[in-house]
Amino acid sequence: MSNSLTVKLTGRISSSNAAEVEEKIKKEIGSFKGELTLDASGLEYISSAGLRVVLRLKKDNPSTKIINCTSEVYDIFDMTGFTEMMEISKAYRKLSTDGCEVIGEGANGKVYRIDEDTVVKVYKNSDALDEIKNERELARKAFVMGVPTAIPYDVVQVGDLYGSVFELLNAESFAKLLIADPSQTRALARQSVEILKTIHSTQLKPGELPDKKAEALMWAEFCRDYLPGDVGEKLVALVKEVPETLNMLHGDYHIKNIMRQNGENRLIDMDTLAMGHPVFEFSAIYAAYIGFSCIDENNVEKFLGITHDTAVLFWNETLKAYFETDDESVLAEIENMSAIICYARILRRTVRKAKEDEEYKARLIEYCKNALCELVPKTDKLYF
């Protein structure tokens, strides 16, 4: 038997019908004791008599919550203090993305431009409200700490999914700017590094964000069973030796998540914020520009809209700008570190992924294994 029950509230509840409404609800509830949800999507007005009905329902079922309130009804609950004593939420504005331009996509969601002022990130998980709340809090945290990020200001419903709305007036992604003019590659890479350094210079408190090293260690330990013994053991040891640092990391830093708005650059897609050594950030950047296209160079064009050559150039210019060097040996060493962590991630992801082209999957697994077998033995550390 389900331990939750939803009851719909409709019309107007006032002194003239409160007793009748209460009797009807009690018959619907019966002997149920559990999580009671009052769906107020059809409720137009509620008076003090109706509020007393809600209080008695909550007394009988302490976990009672109210959802889908109109703004007017929510204001009544808010002004009378009900929002402080129980969970009450507004109805979500419905929005369509039909015909809208897709300006970004990540593992958790897809970003659409609704109009010249507004973009919406639609989450792929149909039960994403907790994720949306988490991303909003992370974006605010980053903004307060000086990271130039767009903060979502509304939650909407898009079909059966939920989305976060951002105000980005006339904003264009770095991807769109690069597609329009590839000659901007060096300049945009340097601008992206300015934001990246701001993120990485932000020091957090222990446990304030998810630990990226712990996640990378999970990838390495998984891969150990798919690699020759000495390679697998060294891979795990290398990850374990990465210093524990408190740097903020974006976690999914690429040209579709950087937007230019009125001459200022801002970050979106903040749900992947984490903490740890910047090498883990560079492994994700390497994955976006090179790693995920390791056996099909067309992947980066499908994902970011730029050619493989432009992606490689952007990656190289990012390294040069961040580390302020043209020394090829230094840059190659950092690239190898990034590639090792990247291919451990991709190997685990590919092995665990269900229902994929088996021939492609086998080739990708083999490529990652070969890359790790080549790079790990000649690498002494995974940090800079």
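Annotation note: GluC sites (Glu not before Pro) in region 220-261 located in DSSP loop regions with a Cβ neighbour count of at most 11 within 10 Å are Glu241, Glu244. Close amide H pairs (under 5 Å, H built 1.01 Å from N) link Ser89 with Ile66, Ile67, Asn68, Cys69, residues at least 5 positions away or on another chain. Converting the Cα gyration tensor eigenvalues of region 175-257 into ellipsoid dimensions via √(5λ) gives semi-axes, longest first, of 32, 20, 10 Å. The three principal axes of the Cα atoms in the chain give end-to-end lengths of 82, 49, 42 Å, sorted in falling order.
Scaled against 2.2 N^0.38 Å for its residue count N, the alpha carbon radius of gyration of region 228-384 is 1.07. Per residue, the convex hull around the alpha carbon atoms of region 33-123 comes to 144 Å³.
Per residue, region 169-281 exposes an accessible area of 41 Å² to a 1.4 Å probe, with every protein chain left in place. Principal axis extents of the C-alpha atoms in region 241-326 (largest first, rounded to whole Å): 37, 36, 29.
Reported to two decimal places, what Rg/Rh ratio describes region 106-259 when computed on Cα atoms with Rh from the Kirkwood expression?
Result for region 106-259 is an Rg/Rh of 1.03.
Using a probe of 1.4 angstrom, how much of the accessible area of the chain is carbon and sulfur, in percent? Here carbon and sulfur together make up 48 percent of the probe-accessible area. Note on Met85: accessible area is roughly 90 Å² with a 1.4 Å probe, heavy atoms of protein only. Here the contact order of the chain, divided by its residue count and restricted to Cα pairs under 8 Å and six or more residues apart, works out to 12 percent. For region 87-100, putting each phi into the Karplus relation 6.51 cos²θ - 1.76 cosθ + 1.60 with θ = phi - 60° gives couplings of 7, 9, 10, 7, 6, 8, 4, 8, 9, 10, 10, 4, x, 7 Hz, in residue order, rounded to whole numbers and with x for Gly and Pro. The alpha carbon convex hull volume per residue for region 69-171 rounds to 128 Å³.
Just to confirm the number: angle between the C-alpha axis of helix 358-375 and the first principal axis of the chain, 0 to 90 degrees, nearest 10? The angle comes out near 50 degrees. Restricting region 121-220 to GluC sites (Glu not before Pro) that sit in a DSSP loop and have at most 14 other Cβ atoms within 10 Å of their own Cβ leaves Glu208. To test your reading of the geometry: what angle, between 0 and 90 degrees and rounded to tens, separates the Cα axis of helix 278-289 from the longest principal axis of the chain? The two axes meet at around 90 degrees.
Here the Karplus curve 6.51 cos²θ - 1.76 cosθ + 1.60, taken at θ = phi - 60°, turns the phi angles of region 149-156 into couplings of 10, 7, 9, x, 10, 8, 10, 10 Hz, with x standing for Gly and Pro.
When you restrict to C-alpha pairs under 8 Å that are six or more residues apart and normalise by the size of region 206-285, the relative contact order lands at 37 percent. Here region 201-265 and region 16-32 have alpha carbon centers that stand 54 Å from each other.
With the other protein chains left in place, how much accessible area per residue, in square angstrom, belongs to region 99-163 at a 1.4 angstrom probe?
That works out to 48 Å² per residue.
Convex hull volume of the Cα atoms of region 268-312, normalised per residue: 85 Å³. Proximity of backbone amide H atoms, modeled 1.01 Å from N, is registered between Thr245 and His277 at under 5 Å, excluding neighbours fewer than 5 places apart on the same chain. For the chain, what is the percent of antiparallel DSSP beta bridges, rounded to the nearest 5? Beta bridges within the chain, antiparallel portion: roughly 60 percent. Which of the chymotrypsin sites (Phe, Trp or Tyr not before Pro) across region 232-321 are loop residues per DSSP, with 12 or fewer other Cβ within 10 Å? Hits after loop and neighbour filter: nothing returned.
The values are calculated or read from the model by the stated rules, or taken from the named source; none is laboratory data. Every value quoted in this text rests on a predicted model; they were computed, and no experiment measured them. Note: ideal-geometry Cβ built from the backbone for every residue, glycine included; neighbour counts use all protein chains shown. What goes into the accessible areas is simple: the full protein's heavy atoms, side chains included, and nothing from ligands, DNA or RNA. Shrake-Rupley method; radii C 1.70, N 1.55, O 1.52, S 1.80 Å.
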